[in-house]
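Q: Once you've had a glance at the structure underneath, I'll fire off some questions.
The values are calculated or read from the model by the stated rules, or taken from the named source; none is laboratory data. Because the structure is a prediction, the values reported are computed rather than measured. Virtual Cβ from ideal backbone geometry, glycine too; neighbours counted across all protein chains shown. Accessible surface areas use protein heavy atoms only, side chains included; no ligands, DNA or RNA. Shrake-Rupley method; radii C 1.70, N 1.55, O 1.52, S 1.80 Å.
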Amino acid sequence: MPFWDLQRQLGIDVDRWLLRQSMSQPYGKAAACHAFEREWVECGHGLGQTRARRECQPEYEDFMECMHRTKLAVRLRTILEQRDKMIKEGKYTLPDYHKGKEEPRP
């Protein structure tokens, strides 16, 4: 067949987004979120799409958090807002190395 494995021959990977963490990785090491993706796939295997969405929601949320770090970004934003509020109230002062006043290095 002339079109057998056309993606590999052309050097493109159209469906890379499907299993982003499970594809071959450099140096043969597993990707950072591979374990979360594997749990999600194993949970939904054989259930059907509708039932898997309902029953595997915690695994999917863990996988998406590992991929996109949305909860981490919200938490960091909250911490920085609290820090700025404390600075305005005068309850906290930045260390010298955050003000650009650190000692010169040799």
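Q: Report yes if Glu42 is farther than 30 Å from Ala31 by Cβ and open to solvent by 90 Å² or more (accessible area, probe 1.4 Å), otherwise no.
A: No: the conditions fail for Glu42.
Q: Of all residues in the stretch 70-106, which are exposed (fewer than 10 other Cβ atoms within 10 Å of the Cβ), at pLDDT below 80 and either in contact with a strand residue (DSSP E or B) (Cβ under 8 Å, 6 or more places away or on another chain) or not in a helix (DSSP H, G or I) (or both)?
A: Matches in the stretch 70-106: Gly100, Lys101, Glu103, Pro104, Arg105, Pro106.
Q: Could you list all residues from the stretch 70-106 that are touching a helix residue (DSSP H, G or I) at 6+ places or on another chain (Cβ under 9 Å) and within 30 Å of Ala35 (Cα to Cα)?
A: Passing the criteria: Thr70, Lys71, Leu72.
Q: Let me ask another. Output the residue which, of all residues in the stretch 52-69 that are at pLDDT below 90 and more than 11 Å from the chain's Cα centre (by Cα), is most open to solvent (accessible area, probe 1.4 Å).
A: As a first pass, look at the stretch 52-69 and keep what is at pLDDT below 90: 52-53, 67.
Next, from what is left, pick out any that are more than 11 Å from the chain's Cα centre (by Cα): 52-53.
Values: Ala52: 19, Arg53: 157 Å².
Going through the qualifying residues, I end up with Arg53.
Q: Let me ask something additional. Is it true that Gly48 is within 25 Å of the chain's Cα centre (by Cα) and open to solvent by less than 90 Å² (accessible area, probe 1.4 Å)? Steps first, answer last, please.
A: Details: within 25 Å of the chain's Cα centre (by Cα): no; open to solvent by less than 90 Å² (accessible area, probe 1.4 Å): yes.
For Gly48, the condition - within 25 Å of the chain's Cα centre (by Cα) and open to solvent by less than 90 Å² (accessible area, probe 1.4 Å) - is not met.
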